[in-house]
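Contents: one structure, followed by commentary.
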Amino acid sequence: MSYDLLDGVRVVELSMYAFAPSAAAVLADWGADVTKVVPASHADPMRGTPVAGLPDVDVGVAFMWEITNRGKRCIALDVSVEEGRAVLLELIARADVFITNLLPGARTRFKIDPEDLAEVNSTLVYGRASAHGSQGPERDAGGFDHTDFWARTGLGHAASMVSSEFVPQPMPALGDLSAGCFLAGAIAAALYRRAQQGRGCVVDVSLLSAGVWMCSPAIVASQLYGIDAIPRMHHADLPNPLVAAYTTRDGRQVYFAGVQTEGHFDNFCRAIGRPDLLEDPRFGTLEARMANTRDCISALDEIFAKRDLAEWLKLLERLQARRPLTPR
């Protein structure tokens, strides 16, 4: 869905892959006029098929390119030569925002660092996407979301705690798209300040910082409690059998976010056609269910395995709507 929140805002993007382009795509969704500068000599890797494991068929859509570059116009420029750079500077002189993910060496070589562009547009908001940020010993090094967002921050470790091996990032560009949203939001905040104070600025977002933010509860808890990570459990060991996923006969999953009260559990048992669970001393009260979680999970596993998802959807429609909680 498109909005007009940034109607009139002009964005110039000089980047490749997915992180920075996804930020510009979000700005385009919000109504900005985005011009993407692409190399004249070679294609962006996203124009191919960068996702491994897909069927070897030509579907006619470079979907990763389309996802991260929707709503933009493109111009091919060779910014390594003066003629191409002159066109780029002309675009930037009329722009409100510039976004790039080029490494520091390339930015210096092409003369597009913040101080360079400030000479042609002193109120420019400069969005800089990187792997590790603008400070520290790795500021000049590149990286990818599956390394810096997923593997280094603890997200991959947390996902692997219930597996016998390290779990790779579960989908392409997960970190790129997440960090891209952060960068888009930061740019919007910088535009607000510019409207109030008339000043441009540099906005930095890194894949590493985005991943650390996503993993911050575990990072903080590890320091407070002296543990490596917040424990994660296998299905059979979950502490609450009604905050869990159960597999249906046709291999689909039904996930429960929690049954809050005894009345809700009563309603749940009757809705699924198993009021006998209420008479079982192991499950009849919250205290009993918490003391017999493995037995309760096992019983629900057997129950859900007897029907297909379509049948369960009809049965679960009988659940009473929970009243909204009142903040206290």
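The values are calculated or read from the model by the stated rules, or taken from the named source; none is laboratory data. The model shown is predicted, which means the values in this text are computed figures rather than measured ones. Neighbour counts run over all protein chains shown; Cβ positions are idealised from the backbone, glycine included. Heavy atoms of the whole protein, side chains included, go into the accessibility calculation; ligands, DNA and RNA do not. Shrake-Rupley method; radii C 1.70, N 1.55, O 1.52, S 1.80 Å.
Within the range 184-199, residues that are in contact (Cβ under 8 Å) with a residue 40 or more places away in the chain and over 12 Å from VAL9 (Cβ atoms) have Cβ atoms under 8 Å from residues that are open to solvent by less than 40 Å² (accessible area, probe 1.4 Å) and not in a helix (DSSP H, G or I) in these pairs: ALA186/GLY127; ALA186/VAL203; ALA186/VAL205, counting only partners at least 6 apart in sequence or on another chain.
Here ASN121 clears all of (1) open to solvent by 50 Å² or more (accessible area, probe 1.4 Å); (2) outside any helix (DSSP H, G or I); (3) over 22 Å from ARG47 (Cα atoms) except the condition numbered (1). If you take the residues in the range 226-242 that are closer than 12 Å to LEU300 by Cβ and not polar (S, T, N, Q), which one is most open to solvent (accessible area, probe 1.4 Å)? That would be HIS235.
Residues of the range 302-319 that are in a helix (DSSP H, G or I), surrounded by 12 or more Cβ atoms within 10 Å (Cβ to Cβ) and either without any contact (Cβ under 8 Å) to a residue 24 or more places away in the chain or not aliphatic (A, V, I, L, M) (or both): PHE304, GLU311, TRP312, LEU313. How many residues, within the range 124-137, are open to solvent by 20 Å² or more (accessible area, probe 1.4 Å) and of a type in the set (Ser, Thr, Tyr)? Of the residues in that region, 2 qualify.
Can you tell me which residue in the range 70-108 is most open to solvent (accessible area, probe 1.4 Å), limited to those that are out of contact with any Lys or Arg (no Cβ under 9 Å at 6 or more places or on another chain) and acidic (Asp, Glu)? Taking the candidates together, the pick is GLU83.
Annotation: ILE272 fulfils all but one of (1) β-branched (Val, Ile, Thr); (2) in contact with a helix residue (DSSP H, G or I) (Cβ under 6 Å, 6 or more places away or on another chain); (3) under 30 Å from ASP148 (Cβ atoms); the unmet one is (3).
Can you tell me which residue in the range 243-256 is surrounded by the fewest Cβ atoms within 10 Å (Cβ to Cβ), limited to those that are farther than 26 Å from GLU287 by Cβ and touching a Leu at 6+ places or on another chain (Cβ under 9 Å)? Among those that are farther than 26 Å from GLU287 by Cβ and touching a Leu at 6+ places or on another chain (Cβ under 9 Å), it is GLY251. Within this structure, ALA221 passes the test of being under 27 Å from SER163 (Cα atoms), of a type in the set (A, V, I, L, M) and surrounded by 12 or more Cβ atoms within 10 Å (Cβ to Cβ). When the range 88-103 is limited to residues that are free of Cβ contacts under 8 Å to residues at least 40 places away in the same chain and of a type outside the set (D, E, K, R), the one that is farthest from CYS74 (Cα to Cα) turns out to be LEU103. If you go through the range 36-61, how many residues are more than 23 Å from TRP150 (Cβ to Cβ) and either of a type in the set (A, V, I, L, M, F, W, C) or open to solvent by less than 20 Å² (accessible area, probe 1.4 Å) (or both)? Result for the range 36-61: 8. Where helices (runs of 4 or more DSSP H) sit wholly within the range 138-215, those with at least 1 residues that are buried (at least 20 other Cβ atoms within 10 Å of the Cβ) and touching a Lys or Arg at 6+ places or on another chain (Cβ under 8 Å) occupy 207-214. Among the residues making up the range 266-301, those that are open to solvent by less than 50 Å² (accessible area, probe 1.4 Å) and within 34 Å of the chain's Cα centre (by Cα) are PHE268, THR293, CYS296, ILE297, LEU300. Do we find a residue being at pLDDT 85 or above and touching a Pro at 6+ places or on another chain (Cβ under 8 Å) anywhere in the range 232-254? Yes, some residue in the range 232-254 is at pLDDT 85 or above and touching a Pro at 6+ places or on another chain (Cβ under 8 Å). Restricting the first member to the range 265-276 and to residues that are β-branched (Val, Ile, Thr), and the second to residues that are open to solvent by less than 60 Å² (accessible area, probe 1.4 Å), the beta-carbon pairs closer than 7 Å and six or more apart or on different chains are ILE272/ILE303; ILE272/LEU315.
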